[in-house]
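The values are calculated or read from the model by the stated rules, or taken from the named source; none is laboratory data. All of these numbers come straight from a predicted model, not from anything done at the bench. When we count neighbours, we look across all protein chains shown, and the Cβ atoms used for this are built from the backbone with ideal geometry, even at glycine. We work out accessible area using only protein heavy atoms, side chains counted, and drop any ligands, DNA or RNA first. Shrake-Rupley method; radii C 1.70, N 1.55, O 1.52, S 1.80 Å.
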Amino acid sequence: QHVGSTAVPTIQAKPIVDLAVAVRQLSDVEPLFPALEAQGFYHAAHCDNEGQILLVCGDLEADTRTCHIHVVRAGSMEWRNYINFRDYLNFYPKKAAEYEALKQELQRRYNLMAVTTPEEDLRAILGR
């Protein structure tokens with residue numbers, strides 16, 4: 001599924017496509033790392049957590065990334081957060097605008113795009 005800011009056509013986004021991919025077990029992906037690396041993707045293990053594996057296309061250090069693949073367990077909270085957050089922003093344009101303003105403020109304040117989870121983003125725009 002296409003998720004992240006580029007999946008919300010009414011807001012500005014960095015030119016990085018975020019994809020959420022659901023698998024039965026995260027360990028199912030590990031044997032695919034060599035083939036993915038041959039296609040320009042690498043495992044950003046330092047960004048992994050208990051419920052997600054992150055694969056990146058581009059250069060993380062030089063911040064020239066073009067694609068993130070967020071591998072999560074099918075039906076997991078991580079999966080639902082990615083899908084529900086995208087759908088929420090697309091259904092509620094005013095909330096999408098608030099989210100965009102929040103991201104722009106973080107960009108100005110810290111000179112970078114904050115790395116947050118959909119759950120953290122949702123709480124921020126809902127004021128909770």
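Here are a few things to note about the model shown:
- Matching option when the condition is part of a strand (DSSP E or B) and small (Gly, Ala, Ser), among ALA22, ALA35: ALA22
Conditions tested, residue by residue: (1) among the hydrophobic types (A, V, I, L, M, F, W, C); (2) surrounded by 13 or more Cβ atoms within 10 Å (Cβ to Cβ); (3) modelled with pLDDT of 95 or more; (4) closer than 29 Å to GLY40 by Cα.
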{"site": "ARG65", "(1), (2), (3), (4)": "no, yes, no, yes"}
{"site": "HIS68", "(1), (2), (3), (4)": "no, yes, no, yes"}
{"site": "GLY75", "(1), (2), (3), (4)": "no, no, yes, yes"}
{"site": "ARG86", "(1), (2), (3), (4)": "no, yes, yes, yes"}
{"site": "TYR99", "(1), (2), (3), (4)": "no, yes, no, no"}
{"site": "GLU105", "(1), (2), (3), (4)": "no, no, no, no"}
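- Number of the exception - ASP59 against (1) more than 13 Å from the chain's Cα centre (by Cα); (2) open to solvent by less than 30 Å² (accessible area, probe 1.4 Å): (2)
- Residues of the stretch 1-33 classified as in contact with a helix residue (DSSP H, G or I) (Cβ under 9 Å, 6 or more places away or on another chain) and open to solvent by 100 Å² or more (accessible area, probe 1.4 Å), total: 4
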